[in-house]
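Every number in this text was worked out from the coordinates using simple rules, so none of it is lab data. Given the structure is predicted, the values throughout are model-derived calculations rather than measurements. Quick reminder, even Gly has a Cβ in these numbers, built from the backbone with ideal geometry, and neighbours come from all protein chains shown.
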Amino acid sequence: MTILAADWLGLHWLDWTVLALYFVVILIIGLWSVKRVKDMSDFFMGGRRFGKVFMMFFAFGSGTSSEQAISVVAGSWRAGLAGIWWQFLWLWATPFYWLIAPVMRRMRALTTADFFEARYDTSTATLYSIYGIIISIVFIAGGLFSSGKMIDALTGGQLDEMAQRLNVDVPTFGFNTETKSYEVGERPLEGYEIAILAMTVLFVIYGMAGGLGAAIITDFIQGILTVTFSFLLLPFVFGKIGGFGALHSQGDVKQGMLDIVASPEVARTLGAEPITPFYVVMLSVTALAGIVVQPHIMGVCGAGKTEYEGRFGFTFGNFMKRLCTIAWTFTGLACIVWYLGAESPLRTSEDPQDQALYQSLVTRVSTDYAELSEEEREEIDRTDVEFADRLFGKAAYDILPTIAPGLVGLLLASLLAAVMSTSDAQMIISSGIFTENIYKRFVVKSASQRHYLWVGRIAGLIIVALALMLQGSFTGVIDALKTIIKTPAAIGISLWVGIIWRGWTPIAVWVSTIVAAATWWLVANRPDLVYSVGAPDALFLFNAEGEMQKMSDGFQMLSYLSVGILSGFAVSLFTPRTPEEKLDHFYDLLHTPVKPDEHIEQPCTLPDDPLPKAEKLFNYDDIEISKPTLVGFGGFVISWICVAALIWLVQYLARTW
């Protein structure tokens, strides 16, 4: 106890007590859930036994990771109110969740790869299996990277000191934009990576033990903690700046801080890419294209008793997340006023390093910045990005211990809940994809359920290990989030088109996915090649000396989505379709509602006594869209009203205080 009383790793003994209670509860749930895991459906779909509330918190928990809060706070620091779009980009997609959730549930699938098997063929299911596992690895890596940064900040940098004492090197792998090549090397272990390892051990234990059932139950608890995490710091940081009204009275500390769409001029001043209406639209379209193929979404939509539970949970769980996004954004705005203002704890600190950091941050937003040399600007930019990535944790470390002991532990437990609720779901679902669609299909075709359960657990462990390797390649929280947004969209094209149009062929799936992914790599890593063939200047970003730096993110997304869609349609006109009998069965699944307590023997099959099929909206043979029901249409309209209300709320909070 003496070690804890001495504030071990910067945390009070009450903080450690709160953390210990959280760990015990989560581990008990995971071990208790082992008893309920009897077959593959129990492990990968939780037995399809959950109601609306659990499904809502599962959708919220599995889709809400700490890197999202941290990225919004970091984005708000760098781009002001416009930083909200790092999560509000999914706002426009949310009403469509009400429509897509019952479609996913009617698939009666265990994994999204089952969709590709039923709609196209085995080869496309294998393609998705590989791509889906990659998506999960990226998601887990992004969440762990961002959370590790915040935990390091919550310890006041003591994890960095521990890493220096350990003096351990870790391997690195990444693309060098200067040499235009991939390079393997090594670097010292960093403090935030110690936190990552600790988080990983915990969610792997209960996730591997209890499967998706454990994940859904823990996500209910962790969802409550994530809401706590989202709002806990907000009132205290506003108290530091003199209340909500200080956003206006001191809003000139950073140019364009309260503009919900940042102009190119303001964006350049802030060192960020312009968050213009075009950029927001492309972020939203890319997010909508990719959301349906994120591996955990089949579980989010399919683990409920009926399709309504999935529909309600998927939609309103994500609206809960949008409310949290508003809290994250205004926390970031308050931090701008506090850390750049006259009463900044950095400015008044006796530590020379804090004072130097304050001068660097203030210089970044002043007119003096443009007069500095390129080397000086690059150094200040790196400092600003690093500070933004750690801002949420830094603010908590500076504020919460002064309020009451134990609050940092509560925030830390909530942070762990946010990242682990996403990581466990990604690990379990992606291990299910490997087990069902690769191992069971190509390696061992006939084995016991116990055998496949252990294969799934081992696969999950390997997937997490690969995510740990990947997180070391990220350069910042926003960089991690961009990768998460863009990765799923290439193969998401084929799911969306395949639901609606019979003519999209299996070969089109391969061509559109590969071409889209290759185009993304080209425009992101070799924009010089695209620029050299005469592409318009409007597609690129230039530095102060007029040198081309990169293709803008908005045009990157437009490029690879457009090329992927066009190549897929072109190939579909000249390649064989899926056999009609198979297409008929697939669309029978999509048009047949799920009945309560429905039981099926195999994935993607109808029960013995299915409900009547829904009517088609259009009387065209190749177009397959079900006629909307009153519940479907009414929920869609209500969802758009919620979207409008959230945007109004953000504008109201930013303009009237």
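Multiplying the residue separation of Glu378 and Lys616 by 0.36 nm and removing their Cα-Cα distance gives an extension gain of 79.9 nm. Once the C-beta distance of Ile623 and Val25 is scaled by a Förster radius of 41 Å, the resulting FRET efficiency is 0.25 to the nearest 0.05.
Taking the inverse of the mean 1/r over every pair of distinct Cα atoms in region 569-657 gives a Kirkwood hydrodynamic radius of 17.2 Å. Here each label is just a point 7 Å from Cα along the line to Cβ, and for Phe633 and Phe574 those points are 4.3 nm apart. Counted over region 384-436 with a bin width of 5 Å, the fraction of Cα pairs per bin, in whole percents, is 4, 16, 16, 15, 15, 12, 8, 7, 4, 2, 0.
Backbone geometry of region 86-98 corresponds, through the Karplus equation with coefficients 6.51, -1.76 and 1.60 at θ = phi - 60°, to 3J(HN,Hα) couplings of 5, 10, 5, 4, 7, 4, 5, 7, 4, x, 6, 4, 4 Hz, x marking Gly and Pro. The 3J(HN,Hα) values that the Karplus relation (6.51, -1.76, 1.60; θ = phi - 60°) gives for region 340-352 are, in residue order, 9, x, 5, 9, 4, x, 6, 5, 8, 5, 7, 7, x Hz. Gly and Pro appear as x. The modelled label-to-label distance for the pair Asp368/Glu161, using points 7 Å beyond Cα in the direction of Cβ, is 3.1 nm.
Taking only the C-alpha atoms of region 327-436, Rg followed by Dmax gives 18.9, 59 Å. Under 5 Å between amide hydrogens, built in the peptide plane, is the criterion, and for Ser626 it picks out Leu617 among residues at least 5 positions away or on other chains. Stokes-Einstein, applied to the Kirkwood radius of region 504-657 over Cα pairs at a viscosity of 1.002 mPa s and 20 °C, places its translational diffusion at 104 µm² s⁻¹. Straight-line reach from Lys305: which aspartates and glutamates have a Cα under 12 Å away, not including same-chain ones fewer than 8 places off? Excluding near neighbours in sequence, the set is Asp597, Glu598. Amide hydrogen proximity for Lys550: with H placed 1.01 Å from N in the peptide plane, the residues at 5 or more positions away or on another chain lying under 5 Å are Leu541. Computed from the Cβ-Cβ distance with R0 of 56 Å, the FRET efficiency linking Trp501 to Ser249 stands at 0.50. From the alpha carbon centroid of region 602-657 to that of region 361-376 is 49 Å.
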